[in-house]
1. Can you pull out the residues in segment B:325-342 that are part of a strand (DSSP E or B) and farther than 18 Å from residue B:119 by Cα?
2. Could you count how many residues in segment B:127-141 are out of contact with any Ser or Thr (no Cβ under 9 Å at 6 or more places or on another chain) and outside any strand (DSSP E or B)?
3. May I ask you to list the residues in segment A:383-399 that are of a type in the set (Gly, Ala, Ser) and not in a helix (DSSP H, G or I)?
4. Could you grab me the full set of residues in segment B:304-324 that are touching a helix residue (DSSP H, G or I) at 6+ places or on another chain (Cβ under 8 Å), more than 14 Å from every other protein chain (Cβ to nearest Cβ) and assigned to a helix (DSSP H, G or I)?
5. So which pairs qualify, if the first residue must be in segment A:404-428 and under 11 Å from residue A:386 (Cα atoms), the second must be among the acidic types (Asp, Glu), the Cβ gap must be under 6 Å, and the two must be at least 6 apart or on different chains?
6. Identify, from the list B:261, B:214, B:190, the residue that is among the aliphatic types (A, V, I, L, M), surrounded by fewer than 22 Cβ atoms within 10 Å (Cβ to Cβ) and under 30 Å from residue A:395 (Cβ atoms).
7. Restricted to segment A:416-435, and to residues that are within 14 Å of another protein chain (Cβ to nearest Cβ) and touching a strand residue (DSSP E or B) at 6+ places or on another chain (Cβ under 6 Å), which residue is farthest from residue A:34 (Cα to Cα)?
8. Can you tell me which residue among A:340, A:336 is surrounded by 24 or more Cβ atoms within 10 Å (Cβ to Cβ), in contact (Cβ under 8 Å) with a residue 24 or more places away in the chain and among the small types (Gly, Ala, Ser)?
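The values are calculated or read from the model by the stated rules, or taken from the named source; none is laboratory data. These figures come from a predicted structure and were not determined experimentally. Positions of Cβ are generated from backbone atoms using ideal geometry, with glycine treated the same way; all protein chains shown enter the neighbour counts.
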Amino acid sequence: MRTLPKRTLPALSALAVLTWCPAAASPQGDTVVIHAGEVIVRPGEVVKDVDVLIVDGVIRRVEAEIEVPDGAKELSGEVVCAGWFDPWSTLGVHPADVAFSSPSPSTRTADSYNPFGQEFQKKQALESGITAARLQGSRRALISGLSSVVSLAPSNDGHMASEEAALGASVGLTDPSSGGSTFTVGPNGTFSVVESGPKAMDPFERIGQVDKIANLLESGISYRIAHNEHVHEMEEWQKEIAKKVKELEKDFKKAKKDRDKEIEEAKEDGKEFKEEKYKEDKAPKEPKFDADKEVLARVANGELPLVIEVHRTAEIRNLLAATADFGRLRMVIAGGTETGAFAEELAERNIAVIVNPQIHASGAFDEFDGHDVGLAGVLDEAGVEVLIGSGGTSANATRDLSLLAAMAVGGGMEADAALSAITSGPAKIFDITDRGTVEFGKQADLLILDGQPLSTTTTVKVVLVGGRVVVEPKE
Amino acid sequence: MLQLALLLAAPVAGSDVVVVRADHLFLGHGKPIANGALIVTDGKVTAAGAAVKAPEGALEIEHEGWITPGLFGAFTLDAIGSERRDDTRPLMPEARIIHSLRPHTAALARNLRAGVTTITVNPDTGRPCSGASALVKTHGATVVDPELQLCLDASYGAVRTDEYPTSLASLHALLNSALTDGEGSFGRAASGELPVLVRVRDRQSVRAAAAMAAAHGLSGAIFGSYWTEDLVDEVSASGLGVICDPVGVAANQRAMRSVLALSEGGVKIGFGMVTPANPPENMRVGAAMCVRAGLDPNVALAAMTGGSAVISGAGDHAGILAVGRDADFVLWSGSPIELSSRLEEVWVDGKRVHGGDDK
């Protein structure tokens, strides 16, 4: 049989796509039964006097009076709820990576996450009930790179729940190192130094940033189109080749004879034998791989959420307008100080908002001028998916997530909505589908509390991550 | 919240009587009283407690939630603009910050909306003695006491490189000799008549302030709790209370541990405000964070009200609901220690000045 030109096969193998699959919760082997006064299955859905059965790190049953299997560990407590998930954190990311100002879209916070770093802060967070966090480096950069979701279990295995959970971005954030001192010369030749604090970004530059983000998304789409076209071209090409093969096979014997003869003749003449050329030999050219555009394409196509920190009305308005045509984009606004006025549009377009209810002092950067602790309540009331995050600036703040949620309630948010904003909400928005609720099949990231979740006087008694007790009950 | 305002009869001619009942009434010290009530007559508290009988003709208000005294804002730099400190002399014992007061500033209104009805207006720290603070109501900027505390700084913050005192040793020598000489306000401080507020910033200055108070018989408070964790015994022996550094979200664990240690060591504490650099709403956040770290919720409530007022020298005027006191109080949807609780109304001198129907 006549062989095809040898360049055919490698081109095909290049099409193989490597997909990364999150490892399933590593089996811990332990069987645990929790006897609970009440289980908050999901915010607003409470079951009284039930047991929770956990096998191999996964919730198997939530029922009354489960028979305790032999050798099972037994725990009990008043309230059991899903572990808390900080959707906006820097816990475990080195401050230099948080401050890094020139990442590219494909820069991954996962690569700067140190599972052994900031041990003390992670321990505090775990003891306060935080079992997962979305980490974002390079907060102030226009494009901050890919954020990751980690489990806070004190172990170096299975800590990464999603290495690429979202693409981060920001618009109009004040650079704390801007400003400084300027010299002025007085009329009699004396110098004086005027010190000024950090300067807010120029308004035109801020709006320019919105355009840049839209352009980047556009470039991602073009990239994806080029690649998709290439796939079709390859398919067409394969068909052409198949056709040609069939055609050549028809008088294969004669062709082989002719070819052998030509080889023989070439040998006799001392010439090099030249294979016959076919137009099908030439493979369609594959567009160049570009890791950054690949990420932008995934974002524009809705495969990854885009989390944009933006605060002021003008930028929010422009951002909403500039992204309106990206039908598949899954946008999440972080901070969103002045999003209250856009609540209806956000609800309609399914744009979630990560609110940080922390109160700012009067000296805060001007993007926070419109801060109102009532924001989370206003957005939730309008039907916007609200998440509550610790703000992505301080590793310590993640520890205080439940207090931030309580502050949102103080500002008018429903308590169930605030609890969902730190449990099932972040899990849903960042595609961590195996967490966030206390249901069959979910990973057992659970808290045993001695009171209602958002109360100041409630203490976290036991924390389980993947069915493993990581915070022991204190006597 | 369901609030029932029943006007049973016309108020007694010439006097204005209001009875406010609530599920929980905290008087500024001790434990909250279940189903307590306050009677307010002409702006003053005329009865407070569980078994309170409403006089005929009083306006009765049923509140589902908590009543506390108006919060006490210890150490603020509010309403003084840039007139915070005079850098020309290390000792200015006769300076009175009240002369810099600008009553019409947004800071006072912001305090009021946060439930803070009385504040101490302080000169800034950073000088060995910067004069006397004042006690001011946030509604109407009423000056309650123009000479509240003598403000001292025993920390490296008051040490200069180019001007005496140039070392902590000379700073402490300067303050000790002024207290020994006992002239003017220093004399009143040394006799215990005028309370002091001594800024500390590290363990060294905590120890120096405690020793100075013990040696001269000072009353009042140290300002700065962060480094007191290991020095509780010395602080306790000094007789001074501690106005705590503000504790906010993301604070280091030491901040809460120190407050807890002080309280467990029997030291009277109050939560400091440090407004406007720190938002006034943060006082409740700090209290909640300390409670979560183990502080008794009732101690935390007192540290926002009566306890704080007492160690600031304002115990006779603010932070406590008792017969004869100004009726300055706040209605909350739940305990103010719970951050999920909402501030619903603020009353000053027996009048509702924030919240309620017109909020």
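1. Taking segment B:325-342 as the starting set, the residues that turn out to be part of a strand (DSSP E or B) are B:326, B:329-332.
Once the filter is applied, which keeps residues that are part of a strand (DSSP E or B) and farther than 18 Å from residue B:119 by Cα, segment B:325-342 yields B:331, B:332.
2. Step one: list which residues in segment B:127-141 are out of contact with any Ser or Thr (no Cβ under 9 Å at 6 or more places or on another chain), which gives B:127-128, B:130, B:140.
Filter once more, so that each one left must be outside any strand (DSSP E or B): B:127-128, B:140.
The total comes to 3.
3. As a first pass, look at segment A:383-399 and keep what is of a type in the set (Gly, Ala, Ser): A:383, A:389-392, A:394-395, A:397.
Residues satisfying the conditions are A:383, A:389, A:390, A:391, A:392, A:394, A:395.
4. Applying the first criterion (touching a helix residue (DSSP H, G or I) at 6+ places or on another chain (Cβ under 8 Å)) to segment B:304-324 yields B:304, B:307-308, B:315, B:317-320.
Then drop every residue that is not more than 14 Å from every other protein chain (Cβ to nearest Cβ), which leaves B:307-308, B:315, B:317-320.
Within segment B:304-324, B:307, B:308 meet the criteria.
5. Final answer for the pair search is A:413/A:380; A:417/A:380.
6. Values: B:214 fails: under 30 Å from residue A:395 (Cβ atoms); B:190 fails: under 30 Å from residue A:395 (Cβ atoms).
Only one candidate passes the filter, namely B:261.
7. Among those residues, the one meeting the criterion is A:421.
8. Values: A:340 fails: surrounded by 24 or more Cβ atoms within 10 Å (Cβ to Cβ).
A:336 is the lone residue from the list that is surrounded by 24 or more Cβ atoms within 10 Å (Cβ to Cβ), in contact (Cβ under 8 Å) with a residue 24 or more places away in the chain and among the small types (Gly, Ala, Ser).
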